[in-house]
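Undergrad: Please find one structure pasted underneath; my questions will follow.
The values are calculated or read from the model by the stated rules, or taken from the named source; none is laboratory data. Values in this document were obtained by computation on a predicted structure and should not be read as measured data. Glycine also receives a Cβ, built like all others from the backbone with ideal geometry; neighbour counts cover every protein chain displayed.
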Amino acid sequence: MAGGKETPRQKLIGMMYLVLMAMLALNVSVEVLDAFVVVDEGLTKTTENFTQQNEAIYREFARRMAENPVRVRPWKEQADEVKARADGLYDEIQELKHEIVFRAEGTNTDAIDDDGRIIGANIRAKESTNPPAQVMLFPEGNMVATQLKNSIADFREFLTGIADPRDEGIIQAIETSLDTSDPPAREGATVSWERHHFYYMPTIAAITLMSKMQADVRNAEADMITYLLNQVDAGSFMFNALEATVIPRSNYVFRGDDFEASVFIAAFDTTQAPEILVGQYREIELEDGSIDYEMIGSADPLPVEHGKGIYRTRPTALGEQRWGGLIRLRAPDGSFISRPFESEYTVAESHLIVSPTAMNVFYTAIDNPVEISVPGLGADQITASINNGILRRVRGSEYVVVPARTGTAQVSVTATIDGVTRSMGSRNFRVRSVPPPVATVAGQERGIIARGVLLAQTGVLAEMRDFDFDLTYTVTRFTISTSIGGFLREEPSTSNRITDGQRELIRSASRGSRVFFDNIRAVGPGGEERPLPTISFTLD
């Protein structure tokens, strides 16, 4: 018989087999023949127990198949084929037992009940050695015993072919249960398996030996379907922690939109830390045609806490940021599996926006800086437009508006979310002309001024007072006038500078005289020339 560690079922059947052989070595007395009946009944009962246990395993297959057909189907299909072949071999042996009983007793025997079970105590020709030999060892050259031996060998090869070659234990157990090798030689003589079991064998002994074969079939069937059931979970991961997980589609929801989130149970193993690599990866095809993944270039491993990787980063760029990599985990069979993951997040500028609605004003002919943003969305997702003038993006959420005319201007914003463009609303602004600058000389618009201070000035300046924009106006011409000897005298300038003639006029004026700077014109950023109010000084 084949080597290997025997199961308790195999040990029980082996002990019965040894008892049979010991009994056959004795003179076949009535007591010995009756003992065979007892052993056969025990083997039959053992086989029935095997059958019940096997049916429980098949029911477990059916239950798991209903829960997870994808995982269980290939193993259940193999188990179903094991059952079909085991039933076929069992029935083949049972039919041969019936033929032996019919040959010994005739077809009207009461040794076979209505259910086809053989009642050994009712066999009257228990001691007859002819029926087993006549049924099993003929015809010469094509013995029925040889056909049975081949059937057992085929079943054995089928079962061992299912098992993984590395699982030596199950293979040895099946080879032991279904051994069809010739028995060891005795006194130099070799006896075939067929003659060893059926030549000159009392009818009840042959029936009992064949019951032992049926028990071996059910035992091998039990070993194999138990093995197959274990394979259902052999490649499955075992997790010891469950956690309710909520993953929202977005953490920002606009009024009128739906909030959507995935809620599920996440399972993980706190005793086995996965390897989580962040970086670029690629898909590769293995020799067996399956798909695996590998990292490209350098990869950053994540720290793992309680079975979960912790990703931390401090982004410097604004807008949508994508990241991903591979999770590698050791499978129960010792191999590693890799699964890719990808995610994204949006980086926005941290800022405080204060928008006083009473001051929503744009000015014509100049660049009006404005910030346009939608909380939760990156600047690259936003598009802005205006119905009065030009609106252009400077960078990120910073824009410049140049209105074309006074009145109102409407800024409209759209955003692209999940590939769909939608309106984010609009806002109206008042549009005004830039207020005129103030003409000054020596920093003054009017008042008393010393003659020497006035003569020391180079020209007339145009200053913007109480205006937030940094605008520059240049005086292009002006006239100085004053009364000398009762007559009004004037001197013009075609620039912002005080001319020599204007200085001579100031020197000629007496103390207390009024000096006027009028007809002042200035040009600003838009190129438009604007008149400025008259400046009046009293000479000191």
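Undergrad: Restrict the check to segment 355-368 and report whether at least one residue is over 30 Å from R312 (Cα atoms), touching a Pro at 6+ places or on another chain (Cβ under 6 Å) and modelled with pLDDT of 90 or more.
TA: Within segment 355-368, the subset over 30 Å from R312 (Cα atoms) is 355-368.
So of that shortlist, the ones also touching a Pro at 6+ places or on another chain (Cβ under 6 Å) come out as 362, 364, 366.
Checking the rest, the ones that are also modelled with pLDDT of 90 or more come to 362.
Yes, the conditions are met somewhere in segment 355-368.
Residues are listed down the side, and each one gets a yes or a no for (1) of a type in the set (S, T, N, Q); (2) in contact (Cβ under 8 Å) with a residue 24 or more places away in the chain; (3) surrounded by 12 or more Cβ atoms within 10 Å (Cβ to Cβ):
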| site | (1), (2), (3) |
| --- | --- |
| I449 | no, yes, yes |
| G452 | no, no, no |
| T476 | yes, yes, yes |
| L488 | no, no, no |
| T494 | yes, no, no |
| G501 | no, no, yes |
| S508 | yes, yes, yes |
| G512 | no, yes, no |
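Undergrad: Cβ-Cβ under 6 Å, sequence separation 6+ or interchain: first residue in segment 406-430 and under 20 Å from T346 (Cβ atoms), partner loosely packed, with under 12 Cβ neighbours inside 10 Å. Which pairs?
TA: What qualifies is T414/T421; T414/S423.
Undergrad: If S338 passes every condition in (1) under 30 Å from T383 (Cα atoms); (2) in a strand (DSSP E or B) but one, which one does it miss?
TA: (1)
Undergrad: Another one. Mind listing whichever residues of segment 489-540 are of a type in the set (D, E) and over 30 Å from I366 (Cα atoms)?
TA: As a first pass, look at segment 489-540 and keep what is of a type in the set (D, E): 490-491, 500, 504, 518, 528-529, 540.
E490, E491, D500, E504, D540 - these are the residues of segment 489-540 that are of a type in the set (D, E) and over 30 Å from I366 (Cα atoms).
Here's the yes/no breakdown for (1) assigned by TED's automatic domain parsing to the domain that holds S338; (2) under 16 Å from the mean Cα position of the chain (by Cα); (3) under 15 Å from R339 (Cβ atoms):
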residue: E275; (1), (2), (3): yes, yes, yes
residue: R282; (1), (2), (3): yes, yes, yes
residue: E285; (1), (2), (3): yes, no, no
residue: S290; (1), (2), (3): yes, no, yes
residue: D300; (1), (2), (3): yes, no, no
residue: H306; (1), (2), (3): yes, no, no
residue: G309; (1), (2), (3): yes, yes, yes
residue: R314; (1), (2), (3): yes, no, no
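Undergrad: Which one of these does E99 not meet: (1) at pLDDT below 95; (2) farther than 18 Å from I225 by Cβ; (3) assigned to a helix (DSSP H, G or I)?
TA: (1)
Undergrad: Going residue by residue through segment 100-111, is there one that turns out to be aromatic (F, W, Y) and either more than 16 Å from F198 (Cα to Cα) or surrounded by fewer than 17 Cβ atoms within 10 Å (Cβ to Cβ) (or both)? Steps first, please.
TA: From segment 100-111, those aromatic (F, W, Y) are 102; that's our starting set.
If we keep only those that are either more than 16 Å from F198 (Cα to Cα) or surrounded by fewer than 17 Cβ atoms within 10 Å (Cβ to Cβ) (or both) too, we end up with 102.
Yes - at least one qualifying residue is present in segment 100-111.
Undergrad: Next question. Working only within segment 518-530, note down all residues that are touching a strand residue (DSSP E or B) at 6+ places or on another chain (Cβ under 7 Å) and either closer than 14 Å to V434 by Cβ or outside the structural domain of T476 (by TED's automatic domain parsing) (or both).
TA: We begin by selecting, within segment 518-530, every residue touching a strand residue (DSSP E or B) at 6+ places or on another chain (Cβ under 7 Å); these are 518-524, 529-530.
A522, V523, G524, E529, R530 - these are the residues of segment 518-530 that are touching a strand residue (DSSP E or B) at 6+ places or on another chain (Cβ under 7 Å) and either closer than 14 Å to V434 by Cβ or outside the structural domain of T476 (by TED's automatic domain parsing) (or both).
Undergrad: Need the failing condition index for G526 against (1) touching a Ser or Thr at 6+ places or on another chain (Cβ under 6 Å); (2) closer than 17 Å to Y473 by Cβ, just the number.
TA: With respect to (1) touching a Ser or Thr at 6+ places or on another chain (Cβ under 6 Å); (2) closer than 17 Å to Y473 by Cβ, G526 is out only on (1).
Undergrad: Ok, one more. List every residue pair whose Cβ atoms sit under 9 Å apart, with the two residues 6 or more apart in sequence or on different chains, where the first one lies in segment 179-196 and is basic (K, R) and the second, anywhere, is surrounded by 12 or more Cβ atoms within 10 Å (Cβ to Cβ) and outside any helix (DSSP H, G or I).
TA: Taking only residues 6 or more apart or on different chains, the pairs are R195/L137.
Undergrad: Of E529, E445, E491, E504, which residue is more than 60 Å from the chain's Cα centre (by Cα), closer than 28 Å to P369 by Cα and not basic (K, R)? Don't jump to the end; show me each part of the working.
TA: Values: E445 fails: closer than 28 Å to P369 by Cα; E491 fails: closer than 28 Å to P369 by Cα; E504 fails: closer than 28 Å to P369 by Cα.
Checking each option against the conditions leaves just E529.
Undergrad: If you check A404 against the conditions, is it assigned by TED's automatic domain parsing to the domain that holds E371, part of a loop (DSSP other than H, G, I, E, B) and surrounded by 13 or more Cβ atoms within 10 Å (Cβ to Cβ)? Spell out the reasoning first.
TA: Details: assigned by TED's automatic domain parsing to the domain that holds E371: yes; part of a loop (DSSP other than H, G, I, E, B): yes; surrounded by 13 or more Cβ atoms within 10 Å (Cβ to Cβ): yes.
Answer is yes for this residue.
Undergrad: Of (1) in contact with a helix residue (DSSP H, G or I) (Cβ under 6 Å, 6 or more places away or on another chain); (2) in a helix (DSSP H, G or I), D110 satisfies all except one. Which?
TA: With respect to (1) in contact with a helix residue (DSSP H, G or I) (Cβ under 6 Å, 6 or more places away or on another chain); (2) in a helix (DSSP H, G or I), D110 is out only on (2).
Undergrad: Find the helices (runs of 4 or more DSSP H) located wholly in segment 134-251 whose residues include 2 or more that are surrounded by fewer than 16 Cβ atoms within 10 Å (Cβ to Cβ), and list them. Spell out the reasoning first.
TA: Working: elements: 144-162, 168-177, 193-198, 203-234.
The qualifying helices (runs of 4 or more DSSP H) are 144-162, 168-177, 203-234.
Undergrad: With respect to I382, is the statement that it is modelled with pLDDT under 95, farther than 22 Å from L532 by Cα, out of contact with any strand residue (DSSP E or B) (no Cβ under 9 Å at 6 or more places or on another chain) and surrounded by 13 or more Cβ atoms within 10 Å (Cβ to Cβ) true?
TA: no
Undergrad: Can you say whether E31 is among the acidic types (D, E), loosely packed, with under 13 Cβ neighbours inside 10 Å, farther than 15 Å from A205 by Cα and modelled with pLDDT under 90, as far as the supplied structure shows?
TA: Values: among the acidic types (D, E): yes; loosely packed, with under 13 Cβ neighbours inside 10 Å: yes; farther than 15 Å from A205 by Cα: no; modelled with pLDDT under 90: yes.
No: the conditions fail for E31.
Undergrad: Scan segment 116-133 and tell me whether some residue there is more than 19 Å from L89 (Cα to Cα), touching a Leu at 6+ places or on another chain (Cβ under 8 Å), at pLDDT below 95 and charged (D, E, K, R). First the steps, then the outcome.
TA: Kept after step one, since they are more than 19 Å from L89 (Cα to Cα), are these residues of segment 116-133: 119-131, 133.
With the extra rule that they be touching a Leu at 6+ places or on another chain (Cβ under 8 Å), the set shrinks to 126-127.
Now drop any that are not at pLDDT below 95, which leaves 126-127.
Subsequent filtering for residues that are charged (D, E, K, R) retains 126-127.
Looking through segment 116-133, at least one residue is more than 19 Å from L89 (Cα to Cα), touching a Leu at 6+ places or on another chain (Cβ under 8 Å), at pLDDT below 95 and charged (D, E, K, R).
Undergrad: Closer than 30 Å to F469 by Cβ, assigned to a loop (DSSP other than H, G, I, E, B) and modelled with pLDDT under 95, is that true of G512?
TA: Details: closer than 30 Å to F469 by Cβ: no; assigned to a loop (DSSP other than H, G, I, E, B): yes; modelled with pLDDT under 95: yes.
Criteria not met by G512.
Undergrad: Okay, moving on. Residues of segment 409-431 being of a type outside the set (D, E), out of contact with any strand residue (DSSP E or B) (no Cβ under 6 Å at 6 or more places or on another chain) and either on the phi > 0 side of the Ramachandran plot or at pLDDT 90 or above (or both), which ones?
TA: Scanning segment 409-431 gives G419, G425.
Undergrad: Take the conditions in contact (Cβ under 8 Å) with a residue 12 or more places away in the chain, part of a strand (DSSP E or B) and more than 22 Å from N496 (Cβ to Cβ) and apply them to L377. Does it pass?
TA: Details: in contact (Cβ under 8 Å) with a residue 12 or more places away in the chain: yes; part of a strand (DSSP E or B): no; more than 22 Å from N496 (Cβ to Cβ): yes.
No.
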